[in-house]
Amino acid sequence: MDDLLKLVENSKEEIKSFSSTDKNPAEAFRIRFLGTKGLIKSLMGEMKNISAENRKQMGLVLNDLKLLAEKKHEELVMMNANGQPLIDKALDLTLPGDALPLGSRHPISIVRNRIVSIFQRLGFGVAEGPEIEDDWHNFTALNLPENHPARDMQDTFYVSQNPAWMLRTHTSNVQVREMEKGKLPIRIICPGRVYRNETISARAHCFFHQVEGLYIANNVSFADLKQTLYFFVNAMFGEKIKIRFRPSYFPFTEPSAEMDISCLICGGEGCSVCKHTGWVEILGCGMVHPNVLENCRIDSSQYSGFAFGMGIERITMLKYQIKDLRLFSENDLRFLKQFISAV
Ligand code: DAH
């Protein structure tokens, strides 16, 4: 028993003062003391020669020794090959931090947010509506009854027929939903995703994004529409940009117009972007048709309003000179990363 206690004492000293020139001191230590052929295993093997009354005490002593060795081993594992504690390195507060890879906003979101904030400055609120819509809100209430030829311009994806449910072809459905609520005056913009049965190309896609605007109150005139859109264009594209209105046709507005802005690239001189006209089209607009007001239970003899609708992809392509609309939905990081600093 005394011999064994002496051995244990010696081992304790050896553990405490352990050092090694080995490439991996922790492993050398483990093999020497904690391995299956290590010192502690062999001391444990001596237990069978200990008398029964001393065995308990000897067990405690050996257990202490094992704990001591395990602690030392842990310390060695935390040291590097030069005997320097690794923990110091982890706590070096002067080291640069690990960079977090930052994402970027999608260009469509950047431009949508900018459009929304410009109109918010004019007192417009944001309204949203469903992407799966019924025939009334997408077409009929907007003065586009069944079999109306203007429906052909907006071929869509039907979810069901009789009754017809479809993916909305424009955000004008939100106009109808807001008017039906009956709270006047209305001054809203409606950003959202829309769908059309189009062949996918550089200029068209089967889904895209629009922002619709609607203002209904007493005595709203075409002059209000012009001034509102003029403010928008200046805030969005700059003070130098000119606008012009061309007469057009939409069933839900009368009179209707399409609005062009002077070409951002050539300043109106003529280039390939504006097809040498000096102008690029950016939106459709007009005075809300009395039939539409009446369909939504608004008295057209008391109220008038204007509406407009623009494609966010189109504005984004003009603003950032992007030539192919498919880039917006391909998730190509080389494209998306270019917008990291834009907000
Ligand atoms: N809804 C039309 C479209 O998707 C865009 C539009 C034109 C909306 C004129 C309007 C408007 O509110 O007044 O082609």
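What follows is calculated from the coordinates using simple rules that are stated; it is not laboratory data. The model shown is predicted, which means the values in this text are computed figures rather than measured ones. All Cβ positions, even for glycine, are placed from backbone atoms using ideal geometry, and neighbour counts span all protein chains on display.
Averaging Cα coordinates gives a centre for the range 280-324 and one for the range 94-162; these two points are 13 Å apart. Local charge for PHE139 was computed over the other residues whose Cβ lies under 14 Å away, with Lys and Arg +1 and Asp and Glu -1, and equals -2.
Where only DSSP H runs of four or more residues are counted, the chain gives -10500 deg cm²/dmol as its mean residue ellipticity at 222 nm, each run worth -39500 (n - 2.57).
Using just the Cα positions, wrap the range 115-255 in a convex hull and report its mean projected area in square nanometres, one decimal place. With every direction weighted equally, the projected area is 9.8 nm².
Value of Rg to Rh for the chain, rounded to two decimals, is 1.45; Kirkwood radius and Rg both from alpha-carbon coordinates. Among the cysteines of the chain, those whose beta-carbon sits 4.7 Å or more from every other cysteine beta-carbon are CYS190, CYS206, CYS285, CYS296.
Computed over the range 215-343, relative contact order equals 23 percent, with contacts defined as Cα pairs under 8 Å that lie 6+ residues apart.
Dipole of the chain computed with +1 at Lys/Arg Cβ and -1 at Asp/Glu Cβ about the Cα centre; of ALA235, ASN219, THR21, farthest Cα towards the positive end is THR21.
The magnitude of the dipole of the chain, with charges of +1 and -1 set on the Cβ of Lys/Arg and Asp/Glu and taken from the Cα centre, is near 620 debye. Considering only alpha-carbon pairs that sit under 8 angstrom and 6 or more positions apart, the relative contact order computed for the chain is 15 percent. When the GluC sites (Glu not before Pro) in the range 232-313 are filtered for DSSP coil states and for at most 15 other beta-carbon atoms within 10 Å of their beta-carbon, the remaining sites are GLU239, GLU269. Residue separation of ARG121 and LYS226 scaled by 0.36 nm, minus their Cα-Cα distance, works out to 36.2 nm of gained length. Checking the table LYS181/LYS323; LYS240/LYS275; LYS240/LYS323; LYS181/LYS337; LYS183/LYS323; LYS12/LYS48 against a 30 Å threshold on Cα-Cα, which pairs fail? Listed pairs above 30 Å: LYS181/LYS323; LYS181/LYS337; LYS183/LYS323.
Among residues other than PHE250 whose Cβ falls under 14 Å from its Cβ, what is the net charge (Lys/Arg +1, Asp/Glu -1)? Neighbour charge sum, excluding PHE250 itself: -3.
Within the range 173-220, the trypsin sites (Lys or Arg not before Pro) that combine a DSSP coil assignment with at most 13 other C-beta atoms in a 10 angstrom radius are LYS181, LYS183, ARG203. Using R0 = 41 Å, the C-beta based FRET efficiency linking ALA342 and GLU27 works out to 0.15.
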